[in-house]
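Down below is the structure, laid out as structure tokens.
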Amino acid sequence: MADTIIRSPVCSVIGHVDHGKSSLLDAIRGTNITTKEAGGITQAIGASIIPLEVIQKKAGALLKALKMEFTIPGLLFIDTPGHAAFTSLRKRGGNLADIAILVIDINEGFKPQTIECIEILKFYKTPFVVAANKLDVIGGWREKKLPVLQAINAQEPTVMTAVETKLYELVGKLAEYGFNSERFDRIGDFTKEIAIVPVSAKTGEGIPELLMVVTGLAQKYLENCLKCNVAGPAKGTILEVKEEKGLGITLDVIIYDGVIKVNDTIVIGGVDAPIVTKVRALLQPAPLAEMRDKKAKFSGVKEAVAATGVKIAAPEIDAVIAGMPIRVATAETLEQVKSDVQAEVQEVLIETDKEGIILKADTIGSLEALVKLVKDRNISICKASVGELSKKDIADAESNLEKNPLNAVILAFNTPVSDEIAEFTKGKGIKVIKSDVIYHIIEEFEGWLEAERRSLEEKKLEGLIRPCKMRIMPNYIFRQSNPAIVGMDILVGKVKVGTQVMKDGKDISSIKSIQHEKESLSTVEAGKQVAIALPNVTVGRQVSEDDVLYASIPEPDFRKLKDYKHLLKKPELDVMREMAEQKRKLNPIWGM
């Protein structure tokens with residue numbers, strides 16, 4: 001087809017916060033975005049177009065060694081915030097990224113967001129390369145201004161060993177998540193192993209090798225995926241919605257297929273219904289510019305062709321949410337495109353189960369990642385939607401309380417909870433778990449779920465006579481009878497006033513009162529020594545010093561306790577066994 005070309009592959013740079021994603025892109029671009037960001041951490045999603053000529057300048061000799069004809073026009077890099085990974089960047093049936101660079105601090109190794117990124121890469125089946133960053137921070141490292149493998153071999157032996165050790169620690173961690181990996185120069189088949197490239201974004205060491213591996217992989221294995229129709233209607237994803245001086249609300253968009261032109265009708269996915277508007281202006285960043293940079297130069301263009309990042313000005317886009325799909329439509333295709341776009345949104349905005357928990361997230365992609373992780377844990381979801389927490393969400397969660405208290409929970413990923421909603425939630429008995437790190441939400445939810453399950457089960461034990469074992473202390477007989485008052489060492493469990501006590505399988509008395517240092521108590525736990533009044537027994541007849549007595553558990557209670565034995569401690573289970581042995585000498589089927 002004459003209108004089909006090879007587009008630039010979309011390359012997402014992902015990883016744990018502060019592991020050097022933006023610094024790595026700066027090293028590739030030769031710019032210095034990072035120093036302008038708060039705390040050196042990326043604050044917004046951006047895109048950079050790196051033409052093939054620039055890549056060839058930085059990695060020319062290495063690319064030539066591949067003996068490959070390059071048809072890709074360059075690389076389109078996506079730089080995502082650490083807290084959001086690249087979960088905003090989805091398209092129907094997969095992730096927007098054709099290939100990803102997973103940045104890992106070689107010294108720190110795997111962190112929560114590293115694992116988050118690995119899980120998402122695995123979910124979307126996105127090919128990736130590991131950039132083992134911060135070589136320069138390894139103790140004793142000396143910058144050599146050499147290709148990275150020569151630079152490693154030129155270090156002191158202890159430093160070389162440290163690099164190898166740290167690389168193989170990464171190999172081991174990747175293996176835990178089902179990926180075979182190796183240093184890039186040792187790989188025989190790039191379809192079966194993940195390439196690890198040691199780099200230093202600070203000194204630039206390893207950057208040419210990283211570019212060589214990513215460009216080579218994209219050219220060799222992704223060529224068929226990169227064919228796009230330059231004459232067809234554009235397809236893209238909203239990266240960011242922001243206000244620009246003189247333009248009003250604008251959309252930063254990645255176009256991954258087709259062409260978009262000024263005055264085109266565009267359809268954007270919405271939570272309830274698609275948004276239809278017209279392109280008023282198209283603005284494109286210059287090569288090597290960065291859409292996040294306030295000083296980045298944008299120029300008005302009549303059209304933009306995939307793959308590229310473009311800023312769109314259009315009316316009535318205030319309600320647009322990041323991560324939503326965007327499509328160009330004609331008068332003839334408008335209704336079909338609206339239907340297709342909303343079908344894509346509904347893939348993620350689910351209400352699949354009659355009962356379940358509620359999920360909220362800031363973008364469609366974030367929500368998709370959260371849904372995936374929750375479903376992996378076999379947790380039912382009754383509602384999943386994009387945007388801020390609302391009173392309706394709280395009401396929906398509250399309605400779960402009566403049916404199943406374990407579903408009265410909302411997981412909110414990277415979405416704000418207003419003071420009004422926080423106040424509205426108080427006292428309603430529902431749990432809201434929010435974080436901008438998806439794994440923190442999952443960990444906190446699992447911890448809460450376990451504690452709640454245990455609490456609900458323990459309520460079933462309320463009212464049952466629990467296992468208890470006690471010993472009459474020698475030389476602490478305060479009265480022999482009417483009632484007998486003896487010093488009692490509580491060995492296991494808890495004893496209450498009114499509890500029946502047994503010896504040798506027979507009920508002999510009940511606890512009339514408990515005293516400790518002249519204070520009357522209603523209950524006493526293991527480890528305490530107290531004075532206990534026992535009516536209807538005489539010390540020296542029915543009971544003696546050093547006798548071991550047990551709380552007499554009624555047979556129905558005993559059977560229920562067997563059902564809840566996972567809630568009992570081992571000493572309590574031992575006491576139940578001892579007690580049953582005594583009872584079964586008198587009645588062989590007692591408690592069965």
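For segment 184-211, the candidate set comprises residues that are touching a Gly at 6+ places or on another chain (Cβ under 8 Å), of a type in the set (A, V, I, L, M, F, W, C) and modelled with pLDDT of 95 or more; within that set, the residue that is surrounded by the most Cβ atoms within 10 Å (Cβ to Cβ) is V199.
What residue, among those in segment 243-285 that are touching a residue at least 24 places away in the same chain (Cβ under 8 Å) and among the charged types (D, E, K, R), is surrounded by the most Cβ atoms within 10 Å (Cβ to Cβ)?
First, pick out the residues of segment 243-285 that are touching a residue at least 24 places away in the same chain (Cβ under 8 Å): 244, 247-262, 264-271, 273-285.
In the following step, the residues that additionally are among the charged types (D, E, K, R) were identified as 244, 252, 257, 261, 264, 278, 280.
On the way: E244: 14, D252: 23, D257: 19, K261: 15, D264: 20, K278: 12, R280: 15.
Result: D252.
Checking T352, T330 one by one, the residue that is modelled with pLDDT of 90 or more and hydroxyl-bearing (S, T, Y) is T330 and no other.
Just need a number here: residues in segment 511-520 that are in a strand (DSSP E or B) and surrounded by fewer than 17 Cβ atoms within 10 Å (Cβ to Cβ).
Filtering segment 511-520 down to residues in a strand (DSSP E or B) leaves 513-516, 519-520.
Adding the requirement that they be surrounded by fewer than 17 Cβ atoms within 10 Å (Cβ to Cβ) leaves 515-516, 519-520.
Residues that pass the stated criteria total 4.
Scoring V548 on the criteria (1) closer than 14 Å to K494 by Cβ; (2) surrounded by fewer than 17 Cβ atoms within 10 Å (Cβ to Cβ); (3) of a type outside the set (K, R) leaves a single failure, condition (1). If you go through segment 131-144 one residue at a time, do you hit one that is charged (D, E, K, R) and closer than 24 Å to H16 by Cβ? Checked against the condition, which is being charged (D, E, K, R) and closer than 24 Å to H16 by Cβ, segment 131-144 yields at least one hit.
Number of residues in segment 93-132 that are assigned to a loop (DSSP other than H, G, I, E, B) and either outside the structural domain of S23 (by TED's automatic domain parsing) or under 23 Å from A306 (Cα atoms) (or both) equals 7. Within segment 247-267, the set of residues being among the hydrophobic types (A, V, I, L, M, F, W, C) and in a strand (DSSP E or B) comprises I249, L251, V253, I254, I255, V259, I260, I266, V267.
In segment 274-298, the qualifying residues are those that are in a loop (DSSP other than H, G, I, E, B) and at pLDDT 90 or above, and the one that is farthest from Q346 (Cα to Cα) is R280.
If you go through segment 299-353 and keep only what is in a helix (DSSP H, G or I), touching a residue at least 40 places away in the same chain (Cβ under 8 Å) and farther than 23 Å from V386 by Cα, you end up with just L334. In segment 160-183 there is no residue that is under 13 Å from S200 (Cβ atoms), exposed (fewer than 14 other Cβ atoms within 10 Å of the Cβ) and in contact (Cβ under 8 Å) with a residue 12 or more places away in the chain. For Y256, the stated conditions hold: it is touching a Ser or Thr at 6+ places or on another chain (Cβ under 9 Å), among the hydroxyl-bearing types (S, T, Y) and in the same structural domain as K302 (by TED's automatic domain parsing). Return yes or no: is N475 farther than 30 Å from E452 by Cα, more than 52 Å from the chain's Cα centre (by Cα) and assigned to a loop (DSSP other than H, G, I, E, B)? For N475, the condition - farther than 30 Å from E452 by Cα, more than 52 Å from the chain's Cα centre (by Cα) and assigned to a loop (DSSP other than H, G, I, E, B) - is not met.
Taken across segment 218-240, residues that are in a helix (DSSP H, G or I), under 29 Å from the mean Cα position of the chain (by Cα) and either in the same structural domain as K125 (by TED's automatic domain parsing) or surrounded by 17 or more Cβ atoms within 10 Å (Cβ to Cβ) (or both) do occur, with at least one present. Just wondering, is there one or more residues in segment 387-394 that are in a loop (DSSP other than H, G, I, E, B), buried (at least 21 other Cβ atoms within 10 Å of the Cβ) and assigned by TED's automatic domain parsing to the domain that holds D264? No: segment 387-394 contains no residue that is in a loop (DSSP other than H, G, I, E, B), buried (at least 21 other Cβ atoms within 10 Å of the Cβ) and assigned by TED's automatic domain parsing to the domain that holds D264. Within segment 138-159, being farther than 25 Å from E193 by Cβ and either among the charged types (D, E, K, R) or touching a residue at least 60 places away in the same chain (Cβ under 8 Å) (or both) holds for R142, E143, K144, K145, E156. Identify all residues within segment 350-386 that are surrounded by 15 or more Cβ atoms within 10 Å (Cβ to Cβ) and either among the β-branched types (V, I, T) or more than 25 Å from P325 (Cα to Cα) (or both); write none if there are none. Listed by number, the residues that qualify are I350, G356, I357, I358, T363, I364, V371, V374, I379, S380, I381, V386.
Just a yes or no: is a residue in segment 572-588 modelled with pLDDT under 95, in contact with a Leu (Cβ under 9 Å, 6 or more places away or on another chain) and part of a loop (DSSP other than H, G, I, E, B)? So far as segment 572-588 goes, no, none of its residues is modelled with pLDDT under 95, in contact with a Leu (Cβ under 9 Å, 6 or more places away or on another chain) and part of a loop (DSSP other than H, G, I, E, B). Among the conditions (1) farther than 16 Å from L491 by Cβ; (2) among the aliphatic types (A, V, I, L, M); (3) touching a residue at least 60 places away in the same chain (Cβ under 8 Å), the only one that A533 does not satisfy is (3). For A65, the test of being closer than 30 Å to V320 by Cα and modelled with pLDDT under 85 is failed.
The values are calculated or read from the model by the stated rules, or taken from the named source; none is laboratory data. Values in this document were obtained by computation on a predicted structure and should not be read as measured data. Every residue, glycine among them, receives a Cβ derived from its backbone with ideal geometry; neighbour counts consider all protein chains shown.
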